[in-house]
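These notes are about the structure you will find just below.
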Amino acid sequence: MSEWNQEDENIKTRMLSIVDDETIDWMQRKSVPFIRLMSYYKCAMMEIETKFNVLNEEYSLEFDRNPISSIKTRLKNPRSIKEKLERRGLPLTLSSIEENLYDIAGVRVICSFPEDVYALSKALLMQDDITLIEKKDYIKTPKTNGYRSLHLIAAIPIFLAHEKRMMKVEIQLRTIAMDFWASLEHQLRYKKDSEFTPEMAEELYRCANLSAELDRRMEGLLKKTKQNNNVSEHSESMAEMVGSLNG
Ligand code: 0O2
């Protein structure tokens, strides 16, 4: 028996000591459709991730650099799903999850430069199997705390053995600097053992502006390298032309 199976057996034994067979049966009947729905979200997430990997590959061939630094995916956990439905006073059912929650499957694309965020989102949304449901541009209009990211809710088909299903995925696109800020802000804000003061919020806001400035300056450097490339490409072709005239 593998370690995993042994673990399953241990859980079953512990469960049997506190609940009866009938209850376990009921729990399984409830959980199988839930697990199936989660696997559909996982498939949709994989489809979106692949689309971004394909775009990254194409861009890296064309422009000799990678617009995507990394991609992270996550499925919302059952507890967060339940809490979100309860917070909104919505029924705790599978159809309610599908209809009301758009962030069960999340794909976070960390880009090198701000222009990559927009180029990638445009390229994704142009694809004919993608339907845009919602777009929030927190880069053009940052949140009051300084948070920046481009959020898309998109529907994508997944093809199962006997059916095609449209699944919603939340896509967050942001630069490395925006991600650095958001990750640390999240850690600081939700630190259990300490208070998050207004002064700390102000300092974080200043840090967000600093990271936006960093993005602007890095993008400025990128533009300069592009201009330099154009100059050298031009002089190369000029040199070729001069060469051919001389020949
Ligand atoms: P998790 O675990 O990261 O997913 P909604 O999701 O529609 O109920 P809202 O606020 O309208 O709520 O959605 P929005 O603005 O699109 O933001 C949703 C997600 O963006 C959050 O998910 C975070 O991941 C991220 N986000 C939004 N604002 C902030 C922020 O101020 N700081 C940081 N660090 N992240 C932010 P969840 O559900 O909070 O968590």
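The values are calculated or read from the model by the stated rules, or taken from the named source; none is laboratory data. Model, not experiment: these values are computed from the prediction. Every residue, glycine among them, receives a Cβ derived from its backbone with ideal geometry; neighbour counts consider all protein chains shown.
Details
- Verdict on residue 95 being over 21 Å from the mean Cα position of the chain (by Cα) and either under 24 Å from residue 129 (Cβ atoms) or small (Gly, Ala, Ser) (or both): yes
- Condition check for residue 55: away from the ligand (no atom under 16 Å from the Cβ) and within 25 Å of residue 223 (Cα to Cα): yes
- Check on residue 37, closer than 19 Å to residue 150 by Cα and either out of contact with any Ser or Thr (no Cβ under 7 Å at 6 or more places or on another chain) or loosely packed, with under 12 Cβ neighbours inside 10 Å (or both): no
- Single residue of 175, 141 found to be among the polar types (S, T, N, Q), buried (at least 21 other Cβ atoms within 10 Å of the Cβ) and within 16 Å of the ligand (Cβ to nearest atom): 175
- If you go through the range 146-155 and pick out every residue that is away from the ligand (no atom under 12 Å from the Cβ) and either without any contact (Cβ under 8 Å) to a residue 24 or more places away in the chain or surrounded by fewer than 22 Cβ atoms within 10 Å (Cβ to Cβ) (or both), you end up with 1.
- Scoring residue 93 on the criteria (1) in contact with a Ser or Thr (Cβ under 8 Å, 6 or more places away or on another chain); (2) free of Cβ contacts under 8 Å to residues at least 40 places away in the same chain; (3) away from the ligand (no atom under 13 Å from the Cβ) leaves a single failure, condition (1).
- You will find that of 122, 136, 164, the residue that is among the basic types (Lys, Arg), surrounded by fewer than 20 Cβ atoms within 10 Å (Cβ to Cβ), modelled with pLDDT of 95 or more and within 10 Å of the ligand (Cβ to nearest atom) is 136 and no other.
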